[in-house]
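A short reminder: the numbers here are calculations on the coordinates, not readings from a lab. Please read these numbers as outputs of a predicted model, since none were measured by experiment. All Cβ positions, glycine included, derive from the backbone under ideal geometry; neighbour counts span all protein chains shown.
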Amino acid sequence: MPATKPFSVRRTSAGLGLVANNEYKKGDFIIEYTGEIITDAEADERANRYLFEINGRWTIDGSGRTNLARYINHSCRPNAEAEVDERAKKVRIYAKKRIEAGDELTYDYGKVHFDEYIRPNGCKCEKCMEKQ
């Protein structure tokens, strides 16, 4: 029987993270990254940490607390992946492999984001923390 709430926000090695309360099999839809659709110029002005670029013109400002997907952390070995639908201006998160209840949800933020924001401070994903 599925849990009442599909997710929990908990403290993880990378800060707050989104944890699955239910199981997901590979390919299952997990959650949509939601928020205000803004131009990239507006995104440059806001410069918050919850901006998800849709394309070279549009970005989702996911800083609102109702956007639980904003708590999904980066991982170099993710269990989920983000699929961008440029026409609909939507980002949906799908299971990349089987996810058990209690697993933290993670996806790869991409090379540009990694090089600019994560690498300078050191990656705190589970894979990278194992190396230390």
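Brief remarks follow.
- Within the same chain, aspartates and glutamates fewer than 8 places from LYS96 are excluded, and of the rest, those with a Cα less than 12 Å from its Cα are ASP28, GLU81, GLU83, ASP108.
- By the Cβ distance rule of under 4.7 Å, the chain has these cysteines without a partner: CYS76, CYS125.
- Sequence-distant contacts, meaning Cα pairs under 8 Å at least 6 residues apart, place the relative contact order of the chain at 29 percent.
- Principal axis box of segment 53-119, alpha-carbon based, largest edge first, Å: 35, 27, 22
- One decimal place: the segment ARG87-TYR117 gains 8.0 nm when fully extended, by the rule 0.36 nm per residue minus the C-alpha distance.
- Restriction of the trypsin sites (Lys or Arg not before Pro) in segment 13-77 to DSSP coil positions whose beta-carbon has at most 10 other beta-carbons within 10 angstrom yields LYS25, ARG49, ARG65.
- Taking Cα centre as origin and charging only the Cβ of basic (Lys, Arg, +1) and acidic (Asp, Glu, -1) residues, the dipole magnitude of segment 6-132 rounds to 420 debye.
- Summing +1 for each Lys or Arg and -1 for each Asp or Glu among the other residues whose beta-carbon sits under 10 angstrom from that of TYR94 gives 0.
- Hull shadow area, averaged, the chain [alpha-carbon convex hull, nm²]: 8.5 nm²
- Within a Gaussian network of the chain (alpha carbon springs, distance under 10 Å), most fluctuating of GLU104, GLU83, GLU116: GLU116
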